[in-house]
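Q: Take this structure, written in structure tokens, and hold onto it; I'll ask about it next.
The values are calculated or read from the model by the stated rules, or taken from the named source; none is laboratory data. As the structure is a prediction and not an experimental result, all values here were calculated from the model. For neighbour counting, all protein chains shown are included, and Cβ atoms are generated from backbone atoms with ideal geometry for every residue, glycine included. Side chains are part of the model used for accessible areas, which takes the heavy atoms of the whole protein and leaves out ligands, DNA and RNA. Shrake-Rupley method; radii C 1.70, N 1.55, O 1.52, S 1.80 Å.
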Amino acid sequence: MRPRLIDSPEQFDQTVDRYVEEVGEYGDPVTLTGLILALGLSSRQSLAHYEERPEFCDSVRRAKLRVE
């Protein structure tokens, strides 16, 4: 298994917050693809792997809600 790029839920949340703020400054929409790239991930499946981990589950779900 590959090492995680994001070490903690707090780091995950901070990265999501930074992405949403930066996108908002330009008036661009928050997208799932943009979120995945901002997190340093390469696919939706990579995000799903984080969601499967109990410690990241809530953070991933909140991030997805922010995209909606």
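Q: Within the stretch 1-30, which residues are polar (S, T, N, Q) and in contact with a Leu (Cβ under 9 Å, 6 or more places away or on another chain)?
A: Thr15
Q: For the chain, please list each of the helices (runs of 4 or more DSSP H) lying entirely inside it that holds at least 2 residues being among the acidic types (Asp, Glu), in contact (Cβ under 8 Å) with a residue 12 or more places away in the chain and open to solvent by 60 Å² or more (accessible area, probe 1.4 Å).
A: Counting at least 2 such residues, we get 54-67.
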